[in-house]
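Asks: Quick one: the structure is below, questions incoming.
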Amino acid sequence: MDAILLQILNGLDKGSAYALIALGLTLIFGTLGVVNFAHGALFMIGAFCSVTLSRLFSLSHKVEVPGETDFLGNPLKKDVPYLYDIFGESTGAAIIDWAVPLSILFAIPIMLAVGYAMERGLIKHFYKRPHADQILVTFGLAIVLQEVIKYYFGANPIPTPAPSAFTGSFDFGAMLGFDPNTIIYPYWRLVYFAFAVVIIGAVFSFLQFTTFGMVVRAGMADRETVGLLGINIDRRFTIMFGIAAAVAGLAGVMYAPINSPNYHMGMDFLVLSFVVVVVGGMGSLPGAVLAGFLLGVLESFASMREVIDLIPGINQVIIYLVAIIILLTRPRGLMGRKGVMED
Amino acid sequence: MGILEVKNVGKRFGGLQALSEVNLSVAENSCHAIIGPNGAGKSTLLNCLVGKLIPDSGSVMFDGQSVLGRAPYEINQMGISRVFQTPEIFGDLTVMENMMIPIFAKRDGAFRMHAFETITNEKQVVEQAEKMLEEMNMADKRHMHAAAMSRGDKRRLEIGMCLSQEPRLLLLDEPTAGMARADTNNTIDLLKQIKEERDITIAIIEHDMHVVFSLADRITVLAQGTPLVEDDPQNIKGNPKVREAYLGESA
Amino acid sequence: MFGLEKKDTSLLLIVAVLTMFAPFILNPFPTDSALAQFNAGYPDLMQRFVIFGIFAIGFNILFGLTGYLSFGHAAFLGVGSYAAVWMFKLIGMNVLPAILLAIIVSGLFSVIIGYVSLRRSGIYFSILTLAFAQMSFALAYSVLTPITGGETGLQLALDDPRILGVSQTAEGNIPVPSLFGLEMRSTAELVVGPWEFVFNVGYYTSALFMLASFYLAIRIFRSPFGMMLRAVKSNQQRMNYTGLNTRPYTLAAFVISGMYAGLAGGLMASMDPLAGAERMQWTASGEVVLMTILGGAGTLIGPVLGAGFIKYFENIFSKINDNVLHGWFAFLPDGMEDFVVFIIHPFIGKGWHLTLGILFMMVVIFLPGGLVEGGQRISSWVRGRKSEDKAKGKTEPAE
Amino acid sequence: MTKSDVTRRGVLKSGAMVGAGVALPTIFTASSAAAYTNEPTGSSVTLGFNVPQTGPYADEGADELRAYELAVEHLNGGGDGGMMNTFSSKALKGNGILGKKVEFVTGDTQTKSDAARASAKSMIEKDGAVMITGGSSSGVAVAVQALCQEAGVIFMAGLTHSNDTTGKDKRANGFRHFFNSYMSGAALAPILAKNYGNDRKAYHLTADYNWGYTTEEAVRTSTEAMGWETVAAVKTPLTATDFSSYIAPVLQSGADVLVLNHYGGNMVNSLTNAVQFGLRDKLVNNKNFEIVVPLYSRLMAKGAGANVKGIYGSTNWHWSLQDEGSKAFVKSFGTKYGFPPSQAAHTCYVQALLYADACERAGTFNPCGVAEALEGFEFDGMGNGKTLYRADDHQCFKDVLVVRGKENPTSEFDLLEIVEVTPVSQVTYDASIFGGDLGTCNNGA
């Protein structure tokens, strides 16, 4: 029982990332009808926003430490961040410590700008082209973006820790009356899950309760009709693309402490998140979220050693297996609409 | 006994009863029109005839055989060809190729792995296709991309493709919808010619009364998913029920 | 000739001449010149050109004709390689049975995957093939290690049975793949002044297979079957209402292209008897997509060009480094030289992926018909300049 | 083609046109004119450095390449000579190898066996490399080693840690300086027992591929011999990025030690996740919960950041070693590049020197001669103390370092501290235990 509860918790957390990426993908697909293979790259760029901001905060100058030497026997020079000079050592250190959450503010304008530039500069020209072309051009863009990141940040993962207040884990099991240490959950993952829920909630209420959102939803349902009504749906769609990019980017920002960002993390997530979208049903926002969490939980279950012992290798293939089964039994995914992407 | 016998067909979509108790008999070598206001269930009925939809109840017999549960391609192989509201042709292929495909389908059936023959060596098919292109007055366009043609030409090509299969029943779904007057008249002339020159049964779904009365031998009026009346064209013209059914919509 | 029309015959002959004389064409620079590094006429790369050419030709039969974008085609290449290596391990080092088995096994594998995947179209089909391929890769890398060799790949060993051959040679080495005794690695060299040309048995074996594949592809393209496949891409609705069952057509195309991939895999294993799981990864499938699009999907020669282009990039372009650049721009003033090198640096050498990505995007955006369309545009532009008055019509469909 | 001449490359490079008209075409026969593959006949010899330049191990590959460039510089008499001055064999004179200037070509393995073989083949076939070296994973090493065996050139492995490289998949033309999983286990176990006690319960997470299996096996066997119990061993997919679902059940199992048989990105992520779960703050069975990483690399430790603090592992070499060889190497590398070398750099540098030295001692580049010179070769002064290149399996036997993540690093390079230098006697094993067959040396003739 506790083992299952534990994996559900883990799965929800894994699912948060899937759901956030899939949500953005679906927004783009639903509003613009574009299959965006560069969405994983947006997630990666978000994570590198965290990296960049912590690097900016840590910009330092060398100060010689008397009496100590470096590995070559020369006098040791220590890096002292400029922030220490400006705010004093303790405040400076606190700011650096909180770089990841602060990156949210830093990332939002960047991601919106990236999304805007992508839509206006590239995607716009592909509305009328076949889906295969959209996949291909965004696939090319994903390669370019990841290579650019690799050029500037290297191939190795870059550790980007969460604020020290969030390190460690709390004993969830003890709260529920299980034995201590049976269900532990890292604080930062809890933050991530809560963050994902907030973002998902924000996107849904934005679409539900604002006029802008209503028009966009109408546009998702029937693009031509709304166009006929004389509403400038294209501009709104551009904004939607920016928002989708921001959602993916924020998912990446907060993900940085969970796994050290590297240049290929986008591609790692891309395939999975596409599977998520397809399982959820192309164009269905609730479907994307549901499938994200569902696959996260299933993946967690499949990695239990009892399960692996029973079916070796199941943890390697579970997501794909589920995708195949769902696609064959429910062609439109869990909550897909009729007629979407069927040609 | 008509070549096409529709008996007690009903179809529901969720809460909407699209068709109920539809009975229809299309006599061989006649031109039978099905008319009715928007939402009367004309397209649903047509889709039930060609295998796109399966009715919830009733039977559809073509030449004594049931078409229900068969895939569209099987029904086509039985001898029913369909012309769509917006021309469905192979836009990326040339006009000549468009014309050859149905002939191959007629000759070779639903699938044949003829991967090691060359099209140009299929003399018989080529001849038939060229003949049909001549008949359709588009021999000069044979190397054109089908997608690049005018709407009227596309319609003409589609009809030609259907005819080249020598179907026993030709189904037309609003063949002149959205056409300019001149194109409409051309299409009417073409259909008239087909009707006169070939042993073919035509079932046509149409909105445009001008087209219907120019072509039909027999008319069924569909309203709210059920046949209102079936009669000869001249009787339909004066029928008050029909006027009533149409007045709500358009004149 | 060969039952082909004149235009196709000349295309086939051109390709035949190019492949047969590839050792000369690919080594245009004297070995002692600075440009020698652009020579591509060494056996391994030449083999790769034609083998990936086969792979892309096959992929194009599926994607170019039917429009079904498979993101899992590398799985068939991988399965073919494994089959071939197993043949080397169990039966003997003759390449023919190995290649034959590779084609059969990947054919069977593609029947299964195709049968399931082709129940969906569009992006659903892409995701299904991707899922199957990723599953194959993940399993081959881990739990199937006894069959696939896992991380290190499936390789020959001195104690393999090889019932129709020898386990080890007289010198105690593993025997090498051969065609009835003609070793794939045998190479002859021709020296003309400072030039050096290499003729390799493996290359010519692969090249003959490539020509046969190319010929077969032409026949398929020009056949009623090929026309049906293009019709599937153009309008499935019309297909169905014309009495044609699209499912067996697409499945046949899928299996044929799977067998092409198997042939490529078998040849790869014959040239180099080791099969690694990475050749099944989805990025490897992505590569053949890049090749086909870059060259020109749906055209006959495009995929071959694309394959050559990408392999050249991967093997030659990636070797250009800063020193080479400084050599090229030495004529510039020092500051300028450094600046130019600085600007170009991210795009060359290990940055070749970046250049490839940009190039690929450019092609998809501006040249949907790939390099072939580019060539056609240039030639029609040249012709247009010759006879300016001739009004330019719609670009003919790429052949 | 009047001035044409069909011959082997070897003849061409020595006699240029001398053989014109004399040498009859020997078409389609594998090298009969040359004595062995790519026999260097001019004034220079070409070595092939096959390292990952793209892909996830690109940074490690870049460090390997730096080491090779340094080695070439030293071999050709440039720089301060580095470890050539401390090397016990004095055959190298700083005039290249056998009087020929050392040149090199590079290839990109992409850390894929296919790509690695392709780049190695290109260097052999196109550039005439007489030796291939480098690499950053066992899969690649085994694949390239087999290729070199077929082609008839020497392979000097780079970073490869799996037992298979010199075990099941060993080849007569291949040589490994780097240590292996077995040695890691043998070196680590006593230290773990000493620090953590003899009655620990271990939980293994193992990367689901060859290297993972051999490492798990090695650590399990050697810790169980010390009295530890293995509670569970779970395989994790290579492609996994989030290890939470593997790590969360660890505490439930009653284990008090977690062994991460992961390398590279896997290691960075699994360790980061394990620390996030606060495992190391826990008290299980009244003992502090501990984490062990059998194979450490400084470059990877950098990726995991502060998470490595206090965690034990093993490594082939570390720049803080204070023997003369290591100091000399760190000095010349550090002076040239501004930071200390990684263990990958060290092993690659040493391999290049060892190869050159073997050529000098053998008096030939012929792979069979070189192999003979390397087999059973004993040397010192290369950073790991007295070292033996064992003839039976071409594996180097030398001291193994047990290291621990440093609590207070002074720089971004100062992440590990050496806990113990395990003497070679403790990590030596019988060559037959891993099976495999060297076969016979192939010189391509």
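The values are calculated or read from the model by the stated rules, or taken from the named source; none is laboratory data. Everything numeric in this text was worked out from a predicted model, so none of it was measured. When we count neighbours, we look across all protein chains shown, and the Cβ atoms used for this are built from the backbone with ideal geometry, even at glycine.
Asks: Just a yes or no: is a residue in region D:133-155 among the β-branched types (Val, Ile, Thr) and touching a Leu at 6+ places or on another chain (Cβ under 8 Å)?
Replies: Yes: one or more hits.
Asks: Next up: Give the residue that is farthest from the other protein chains (Cβ to nearest Cβ), with candidates limited to residues of region C:164-198 that are touching a Leu at 6+ places or on another chain (Cβ under 7 Å) and among the hydrophobic types (A, V, I, L, M, F, W, C).
Replies: The residue in question is C:Leu179.
Asks: Something else now. Out of D:Ala391, D:Ala345, D:Ala362, D:Ala373, report the one residue that is within 19 Å of the chain's Cα centre (by Cα) and away from chain A (no Cβ under 14 Å).
Replies: None of the other options fit; the residue is D:Ala391.
Asks: Report yes if A:Pro109 is within 18 Å of the chain's Cα centre (by Cα) and closer than 30 Å to D:Gln252 by Cα, otherwise no.
Replies: no
Asks: Please go through region B:201-215 and pick out each residue that is touching a Pro at 6+ places or on another chain (Cβ under 8 Å), modelled with pLDDT under 90 and under 13 Å from B:Leu172 (Cα atoms).
Replies: B:Glu206, B:Val211, B:Val212
Asks: Against the definition (away from chain C (no Cβ under 12 Å) and of a type in the set (Lys, Arg)), how does B:Arg107 come out, yes or no?
Replies: Spelling it out, it is not the case that B:Arg107 is away from chain C (no Cβ under 12 Å) and of a type in the set (Lys, Arg).
Asks: Here's another thing I want to ask about it. With region A:165-225 as the region, which helices (runs of 4 or more DSSP H) entirely inside it contain at least 3 residues that are farther than 30 Å from D:Asn286 by Cα?
Replies: Counting at least 3 such residues, we get A:187-209, A:211-221.
Asks: Now, a different point. For region B:126-143, check the following and say yes or no: at least one residue is closer than 30 Å to C:Phe2 by Cβ and assigned to a loop (DSSP other than H, G, I, E, B).
Replies: Yes - at least one qualifying residue is present in region B:126-143.
Asks: For region D:412-445, which positions are hydroxyl-bearing (Ser, Thr, Tyr) and surrounded by 15 or more Cβ atoms within 10 Å (Cβ to Cβ)?
Replies: Within region D:412-445, D:Thr422, D:Thr428, D:Tyr429, D:Thr440 qualify.
Asks: What's the number of the only condition in (1) surrounded by fewer than 24 Cβ atoms within 10 Å (Cβ to Cβ); (2) facing another protein chain (nearest Cβ under 9 Å); (3) assigned to a loop (DSSP other than H, G, I, E, B) that D:Asp169 fails to meet?
Replies: D:Asp169 satisfies all of (1) surrounded by fewer than 24 Cβ atoms within 10 Å (Cβ to Cβ); (2) facing another protein chain (nearest Cβ under 9 Å); (3) assigned to a loop (DSSP other than H, G, I, E, B) except (1).
Asks: Quick one: which strands (runs of 3 or more DSSP E) lie wholly within region D:71-161 and hold at least 2 residues that are among the acidic types (Asp, Glu)?
Replies: Answer list for region D:71-161: D:101-108.
Asks: Name the residues in region C:329-365 that are out of contact with any Phe, Trp or Tyr (no Cβ under 8 Å at 6 or more places or on another chain), modelled with pLDDT under 80 and closer than 30 Å to C:Gly53 by Cβ, would you?
Replies: Result: C:Gly349, C:Lys350.
Asks: Right, here's the next one. Here are D:Lys235, D:Lys302, D:Lys282: which of them is surrounded by 24 or more Cβ atoms within 10 Å (Cβ to Cβ), basic (Lys, Arg) and facing another protein chain (nearest Cβ under 7 Å)?
Replies: D:Lys235 is the lone residue from the list that is surrounded by 24 or more Cβ atoms within 10 Å (Cβ to Cβ), basic (Lys, Arg) and facing another protein chain (nearest Cβ under 7 Å).
Asks: Given the options D:Arg404, D:Arg390, name the one that is outside the structural domain of D:Ser88 (by TED's automatic domain parsing) and among the basic types (Lys, Arg).
Replies: D:Arg404
Asks: Using beta carbons and a limit of 7 Å, which pairs, at least six apart or on different chains, have the first residue in region C:235-255 and more than 7 Å from chain B (Cβ to nearest Cβ) and the second one part of a loop (DSSP other than H, G, I, E, B)?
Replies: These pairs meet every condition: C:Arg247/C:Leu118; C:Thr250/C:Tyr68; C:Thr250/C:Leu118; C:Leu251/C:Leu118; C:Phe254/C:Leu118.
Asks: Here's a check for you: in region C:209-227, which residue that is at the interface with chain B (Cβ under 7 Å from one of its Cβ atoms) and of a type in the set (A, V, I, L, M, F, W, C) is surrounded by the fewest Cβ atoms within 10 Å (Cβ to Cβ)?
Replies: The residue in question is C:Ile220.
Asks: While we're on this one: For region D:377-388, check the following and say yes or no: at least one residue is of a type in the set (Lys, Arg) and within 24 Å of D:Asn163 (Cβ to Cβ).
Replies: yes
Asks: If you don't mind, another one. For region B:224-251, which positions are modelled with pLDDT under 85, surrounded by 19 or more Cβ atoms within 10 Å (Cβ to Cβ) and small (Gly, Ala, Ser)?
Replies: Of everything in region B:224-251, just one residue is modelled with pLDDT under 85, surrounded by 19 or more Cβ atoms within 10 Å (Cβ to Cβ) and small (Gly, Ala, Ser), namely B:Ala245.
Asks: Looking for whichever is over 26 Å from C:Ala253 (Cα atoms), surrounded by fewer than 24 Cβ atoms within 10 Å (Cβ to Cβ) and among the hydrophobic types (A, V, I, L, M, F, W, C) here; the options are C:Leu179, C:Leu100. Which one fits?
Replies: Just one listed residue meets the conditions, C:Leu179.
Asks: Given the residues D:Ala304, D:Ala274, D:Ala328, which is the only one that is within 22 Å of A:Asn181 (Cβ to Cβ) and small (Gly, Ala, Ser)?
Replies: Exactly one of D:Ala304, D:Ala274, D:Ala328 is within 22 Å of A:Asn181 (Cβ to Cβ) and small (Gly, Ala, Ser), namely D:Ala274.
Asks: Continuing with this model, one more query. Assess whether A:Asp268 counts as being in a helix (DSSP H, G or I) and under 21 Å from A:Ala245 (Cβ atoms).
Replies: yes
Asks: Kindly indicate whether A:Ala47 is within 20 Å of A:Ala256 (Cβ to Cβ) and either within 14 Å of chain D (Cβ to nearest Cβ) or assigned to a helix (DSSP H, G or I) (or both).
Replies: Judged against the criteria, A:Ala47 is a match.
Asks: With respect to A:Asp97, is the statement that it is touching a residue at least 60 places away in the same chain (Cβ under 8 Å), among the charged types (D, E, K, R) and surrounded by fewer than 23 Cβ atoms within 10 Å (Cβ to Cβ) true?
Replies: It is true that A:Asp97 is touching a residue at least 60 places away in the same chain (Cβ under 8 Å), among the charged types (D, E, K, R) and surrounded by fewer than 23 Cβ atoms within 10 Å (Cβ to Cβ).
Asks: It is to be established whether one or more residues within region C:79-88 are of a type in the set (Phe, Trp, Tyr), away from chain D (no Cβ under 12 Å) and under 30 Å from C:Asn321 (Cβ atoms).
Replies: Within region C:79-88, not a single residue is of a type in the set (Phe, Trp, Tyr), away from chain D (no Cβ under 12 Å) and under 30 Å from C:Asn321 (Cβ atoms).
Asks: OK, next. Suppose we keep only residues that are farther than 17 Å from D:Tyr57 by Cβ and either part of a loop (DSSP other than H, G, I, E, B) or of a type in the set (Gly, Ala, Ser) (or both) within region A:134-159. Which one would you say is farthest from the other protein chains (Cβ to nearest Cβ)?
Replies: A:Ala142
Asks: Next up: Before we move on, is D:Ala202 more than 11 Å from every other protein chain (Cβ to nearest Cβ), touching a residue at least 40 places away in the same chain (Cβ under 8 Å), crowded, with 22+ Cβ neighbours inside 10 Å and under 25 Å from D:Asn384 (Cβ atoms)?
Replies: Against the criterion (more than 11 Å from every other protein chain (Cβ to nearest Cβ), touching a residue at least 40 places away in the same chain (Cβ under 8 Å), crowded, with 22+ Cβ neighbours inside 10 Å and under 25 Å from D:Asn384 (Cβ atoms)), D:Ala202 does not qualify.
Asks: Right, another one. For region A:286-339, how many residues are assigned to a helix (DSSP H, G or I) and either surrounded by fewer than 23 Cβ atoms within 10 Å (Cβ to Cβ) or more than 10 Å from chain C (Cβ to nearest Cβ) (or both)?
Replies: 33
Asks: Let me ask something additional. Please go through region D:412-435 and give me each residue that is more than 19 Å from the chain's Cα centre (by Cα), farther than 17 Å from D:Leu321 by Cβ and in a loop (DSSP other than H, G, I, E, B), ordered by number.
Replies: Passing the criteria: D:Glu412, D:Asp430, D:Gly435.
Asks: Is it true that D:Ala218 is away from chain C (no Cβ under 14 Å), over 25 Å from A:Ser260 (Cα atoms) and in contact with a strand residue (DSSP E or B) (Cβ under 6 Å, 6 or more places away or on another chain)?
Replies: The answer is no for D:Ala218.
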